[in-house]
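Below is one structure; the comments refer to it alone.
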């Protein structure tokens, strides 16, 4: 006999986890493999795959957008990114030896240039009578700002590698400092630079100024700057090539602070200085998808002094790597909050609110760009001539009084 629960008691059981239906990731946003909506969209842009200084004549395996590839620098100084299985008999070029003109397979000695051209087949007559017909699958790479960038999309759609105004026209004594050790350790030197969750969970966090007020300022104490404790007034804006927010704070000393933050397609952040020093932002980050459950962070900063990527102090003078598991529970930061969403967050379980307007806007804009690619068009931020390829960064911390605005770089 079934027992009916009285209406008054039923209210007490509302929301029971027993009746919860598990959500699921948004399939349009989560997969990055070739042929998927996001995977094809991401492949229309250049992505950093390594620091230039780390690419040598010793081959290394890299994984990006779900593909395993071999990266090396020939002894003439050219970087190459090739499909790892030798086209001859399939052994890995990871075990190859690098020469002046390319990489030579360990198995039968076929030699491939950085563009996949087969230069020599030593076991074949005259070094390979038809070697020019052989081509190892490859991707084009270019180097800029101390990073090696790869383009992994349709060859006929290859855009110009962008430049960024805050990294250009260096003054005397300035240089570009780079970091590629991942995000998980807040610039700590971690053994595995691949962060173990989906890249979008990290990138879209840029359009969430409210978490700075809670997570980094009140819940876990002051992790960034004291004035982040002031709840800001926020406006979000879709701009050419991405989304920005304006966050205004009325400071105790009578000044007003406008903080502008930028998320640029497809995976770029331009965050102002987190110590709230005044002026235009001085660094750029790329949140590069390794696969569906990992990403890697690459960063470039304009500076006169090294140390922009020194280990970040999270609590009591300790870096993230130095914190115990209990301290990470008591004083969590971005890694804990984002990793806590799961390897791939369950979008179907979210309940977005008014404070999530920036997240919703960024996702809508990204889906629009994905749709453009699916329809055969070119997404925002992609250019095919150098004159259009300079990206202007609006990010910064801008202070004002009744009659002045401080914009000088600290």
query: Inside the range 66-88, can you point out the residues that are free of Cβ contacts under 8 Å to residues at least 24 places away in the same chain, in a loop (DSSP other than H, G, I, E, B) and farther than 12 Å from residue 136 by Cα?
result: 77
field: Residue list for the range 67-107, filter: on the phi > 0 side of the Ramachandran plot and surrounded by fewer than 17 Cβ atoms within 10 Å (Cβ to Cβ)
entry: 77, 90
- request: Go through the range 336-358 and give me each residue that's more than 21 Å from residue 31 (Cα to Cα) and in a helix (DSSP H, G or I).
  value: 336, 337, 354, 355, 356, 357, 358
message: Take the conditions assigned by TED's automatic domain parsing to the domain that holds residue 390, outside any strand (DSSP E or B) and within 23 Å of the chain's Cα centre (by Cα) and apply them to residue 246. Does it pass?
response: no
message: Please determine whether any residue of the range 252-274 is under 21 Å from residue 143 (Cβ atoms) and out of contact with any helix residue (DSSP H, G or I) (no Cβ under 9 Å at 6 or more places or on another chain).
response: yes
- prompt: Do you know which of the residues in the range 342-366 that are surrounded by 16 or more Cβ atoms within 10 Å (Cβ to Cβ) and closer than 14 Å to residue 22 by Cβ is farthest from the chain's Cα centre (by Cα)?
  reply: 347
- prompt: Which of the following residues is in contact (Cβ under 8 Å) with a residue 60 or more places away in the chain, surrounded by 14 or more Cβ atoms within 10 Å (Cβ to Cβ) and not in a strand (DSSP E or B): 160, 114, 148, 178?
  reply: 160
- prompt: Taking the stated definitions as given, is residue 129 in a strand (DSSP E or B) and either modelled with pLDDT of 95 or more or more than 30 Å from residue 39 (Cβ to Cβ) (or both)?
  reply: no
task: Please verify whether the range 318-325 includes one or more residues that are under 30 Å from residue 257 (Cβ atoms), in contact with a helix residue (DSSP H, G or I) (Cβ under 9 Å, 6 or more places away or on another chain) and either in a helix (DSSP H, G or I) or outside the structural domain of residue 237 (by TED's automatic domain parsing) (or both).
output: yes
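The values are calculated or read from the model by the stated rules, or taken from the named source; none is laboratory data. Just so you know, these numbers come straight off a predicted model, no measurement behind them. No Cβ is skipped: glycine too gets one built from the backbone with ideal geometry, and neighbour counts run over all protein chains shown.
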